[in-house]
Amino acid sequence: MTLSPDAESAQGGTSHPFRYTRILGIFHADVVHMVPGFPPLFKMMEFLWVRWFEYDYQWKAGLKQQQLHHLRFTQEGDHHAYGFLDPDDVIHGTHLIPAFTQGQSNGDYNYFYINM
């Protein structure tokens with residue numbers, strides 16, 4: 001779970017304040033940062049390879065509705081479906097519950113509930 005890029009507008013209630021991912025891999029690489037006029041800087045860089053979820057705004061959820069919030073994977077054809085993430089941007093892990101009644105496709109569940 002990370003902060004949503006539009007988290008500030010979420011305070012007005014128009015969007016969800018968090019983004020969710022499934023971590024596919026944890027990596028580190030030794031990189032050389034080269035800036036003209038400065039000596040090369042060698043450092044280790046850590047990053048996560050992730051598949052992004054998208055929040056389902058059509059699903060009525062929350063305490064008033066007595067329903068858990070709903071997620072689904074970003075479509076595979078979308079160039080934002082997979083990406084890399086700085087581990088420092090992760091707030092904490094989240095327990096996602098597969099929505100068994102909503103079926104499966106491509107070997108995974110179509111929807112997930114965000115456990116509170």
Report the extension gain between ASN110 and HIS33 in nm, rounded to one decimal, defined as 0.36 nm multiplied by the number of residues separating them, less their alpha carbon distance.
23.6 nm
Just need the relative contact order of the chain here, percent rounded to a whole number, with Cα pairs under 8 Å and 6+ apart.
22 percent
Most fluctuating residue given options VAL32, VAL50, VAL90, as computed from a GNM of the chain linking Cα atoms under 10 Å
VAL32
Distance (nanometres) between label positions extended 7 Å along Cα→Cβ at GLN65 and GLN102:
1.0 nm
Which order results if TRP59, TRP49 are arranged by neighbouring Cβ count within 10 Å, fewest first?
TRP49, TRP59
Listing ARG72, ARG22 by rising number of other beta-carbon atoms within 10 angstrom, fewest first, gives ARG22, ARG72
With springs only between Cα atoms under 10 Å, which of PHE100, PHE18, PHE42 fluctuates most in a Gaussian network model of the chain?
PHE42
Under a GNM of the chain (C-alpha, springs under 10 Å), which listed residue has the highest mean-square fluctuation: ASP56, ASP88, ASP30?
ASP30
How do LEU41, LEU63, LEU96 rank when sorted from fewest to most other Cβ atoms within 10 Å of their own Cβ?
LEU63, LEU41, LEU96
Might you report the magnitude of the Cβ-based charge dipole of the chain about its Cα centre, with Lys and Arg at +1 and Asp and Glu at -1, to the nearest 20 debye?
340 debye
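No value in this document is a laboratory result; all are computed from the given coordinates. Just so it is clear, the structure is predicted and the values come from calculations on it, not from any experiment. Virtual Cβ from ideal backbone geometry, glycine too; neighbours counted across all protein chains shown.
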